[in-house]
1. In segment 263-277, what residues are more than 11 Å from the ligand (Cβ to nearest atom) and either touching a residue at least 60 places away in the same chain (Cβ under 8 Å) or touching a His at 6+ places or on another chain (Cβ under 9 Å) (or both)?
2. State all residues of segment 119-164 that are of a type in the set (Ser, Thr, Tyr), modelled with pLDDT of 90 or more and either closer than 30 Å to residue 266 by Cα or loosely packed, with under 12 Cβ neighbours inside 10 Å (or both); if no residue qualifies, say none.
3. Which of the residues that make up segment 21-55 are under 30 Å from residue 4 (Cα atoms) and outside any helix (DSSP H, G or I)?
4. Go through segment 200-216 and report how many residues are in a strand (DSSP E or B) and within 10 Å of the ligand (Cβ to nearest atom).
5. Kindly evaluate residue 187 against the criterion of being within 15 Å of the ligand (Cβ to nearest atom), hydrophobic (A, V, I, L, M, F, W, C), within 10 Å of residue 320 (Cβ to Cβ) and surrounded by 14 or more Cβ atoms within 10 Å (Cβ to Cβ).
6. Quick one: would you say residue 65 is at pLDDT 80 or above, among the hydroxyl-bearing types (Ser, Thr, Tyr) and within 30 Å of residue 136 (Cβ to Cβ)?
7. Counting just the residues of segment 272-290 that are touching a Gly at 6+ places or on another chain (Cβ under 7 Å) and not basic (Lys, Arg), which one comes out surrounded by the most Cβ atoms within 10 Å (Cβ to Cβ)?
8. Those residues that are in contact (Cβ under 8 Å) with a residue 60 or more places away in the chain and not small (Gly, Ala, Ser), I need them from segment 67-95; list them, please.
Amino acid sequence: MTKVKYYYDPETLSYKKIKVKPKEKITKAVSLVIAGSLLMVWGYFFITPFVRSPKEKHLKREIEYLKLNEELHAKRIAEMQTLLDELAERDNNIYRQYLEANPIPTEQRKAGFGGVNRYKKLENYSSSDKVIHITQDLDNLANQIYVQSKSLDEIVKLAEDKENMLASIPAIQPIKNNDLKRMASGFGMRMHPILKYRKKHNGMDFTANKGTPIYATGNGTVVKAQRSATFGYHVIIDHGYGFKTIYAHMSKMNTKKGKKILRGDVIGFVGNTGRSAAPHLHYEVHKNGKPVNPVYYYYADLTPEEFEKMLKASHEEGQSLD
Ligand SMILES: [Zn+2]
């Protein structure tokens with residue numbers, strides 16, 4: 001049933017029916033439809049953003065959570081980078097220095113991954129830049145950890161070698177302090193007791209009774225155990241790392257050529273054989289084929305005071321015993 005509308009006619013003082021033409025009716029209906037549609041469009045664009053569906057709310061929370069994660073990861077990566085840098089610093093400046101290995105250059109430690117684009121799969125997303133950046137940082141960290149672990153492997157090997165080297169380098173006195181009468185003569189120009197002229201003395205003389213034990217001063221292999229006119233019964237030990245030691249004028253040898261020797265092994269006894277003026281041990285240390293002052297090779301068993309005393313005695317002028 002259609003609603004009938006009336007209007008008040010002041011001239012006739014009565015209500016009259018409003019007559020609506022069919023054309024007007026259609027126009028009105030169309031206008032209403034258009035207005036309704038416009039209202040819907042407006043509502044969709046302007047109101048929807050403020051009225052979220054539960055799904056949208058959930059997604060928004062998810063995005064916030066991912067952002068938070070991203071920040072945390074970036075922070076953690078930065079912290080790990082700092083730790084790794086400190087480790088690299090220690091590695092280069094302490095471990096590798098001490099073990100006489102070349103430092104690993106920063107460019108090598110921080111070398112990135114070249115070649116094909118590793119991050120292609122991560123491209124074309126709204127947060128691609130950030131994700132690629134974090135992935136790159138993680139790759140770099142992994143690479144640095146790899147370089148560092150290789151370096152530590154090398155360090156372990158070098159340390160084992162160093163231990164071996166420290167055990168081999170001459171580092172004790174060949175005669176015990178208790179057995180020593182005195183340190184008769186040191187390294188350098190000395191009056192020769194038999195030749196009666198000043199001659200370079202290539203070692204140190206330890207005066208002790210005949211038969212006093214003589215100790216190998218470092219690990220090594222006996223390369224000579226024989227008698228000669230000058231040195232009498234003498235033993236030469238090759239310690240490796242460029243070091244050799246000579247023990248001369250023995251009364252008796254206690255080893256033979258080819259024997260493996262440990263520091264502290266008794267290799268012979270003090271005597272007066274060869275060109276010698278009195279029972280003593282003539283001891284030489286050679287480094288890379290040249291005689292060096294043995295006084296610098298007793299660091300393992302001398303206190304600083306003993307060393308100073310020894311150093312002073314070895315520099316005293318006077319004649320040697322051979
Ligand atoms: Zn001598």
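1. First pass over segment 263-277, keeping only residues more than 11 Å from the ligand (Cβ to nearest atom): 263-273.
Hits for segment 263-277 are 263, 264, 268, 270, 271, 272, 273.
2. Within segment 119-164, the subset of a type in the set (Ser, Thr, Tyr) is 119, 125-128, 135, 146, 149, 151.
Still in the running and modelled with pLDDT of 90 or more: 146, 149, 151.
Passing the criteria: 146, 149.
3. Selection gives 21 alone.
4. Applying the first criterion (in a strand (DSSP E or B)) to segment 200-216 yields 200-201, 204-207, 213-215.
So of that shortlist, the ones also within 10 Å of the ligand (Cβ to nearest atom) come out as 201, 204-206.
Total meeting the criteria: 4.
5. On the way: within 15 Å of the ligand (Cβ to nearest atom): yes; hydrophobic (A, V, I, L, M, F, W, C): yes; within 10 Å of residue 320 (Cβ to Cβ): yes; surrounded by 14 or more Cβ atoms within 10 Å (Cβ to Cβ): yes.
Here the answer is yes, as residue 187 does meet what is asked.
6. Working: at pLDDT 80 or above: yes; among the hydroxyl-bearing types (Ser, Thr, Tyr): yes; within 30 Å of residue 136 (Cβ to Cβ): yes.
Answer is yes for this residue.
7. Here is the first cut: in segment 272-290, the ones touching a Gly at 6+ places or on another chain (Cβ under 7 Å) are 273-274, 276, 279, 282-284, 287-288.
Adding the requirement that they be not basic (Lys, Arg) leaves 273-274, 276, 279, 282-284, 288.
Values: 273: 19, 274: 18, 276: 22, 279: 20, 282: 28, 283: 24, 284: 22, 288: 9.
Result: 282.
8. Our first condition is that a residue be in contact (Cβ under 8 Å) with a residue 60 or more places away in the chain; within segment 67-95, this holds for 70, 73-74, 77, 80-81, 84, 87-88, 91, 95.
Residues satisfying the conditions are 70, 73, 77, 80, 81, 84, 87, 91, 95.
The values are calculated or read from the model by the stated rules, or taken from the named source; none is laboratory data. Computed from a predicted structure; not experimentally measured. Cβ coordinates were reconstructed from backbone atoms using ideal geometry, including for glycine residues, and neighbour counts include every protein chain displayed.
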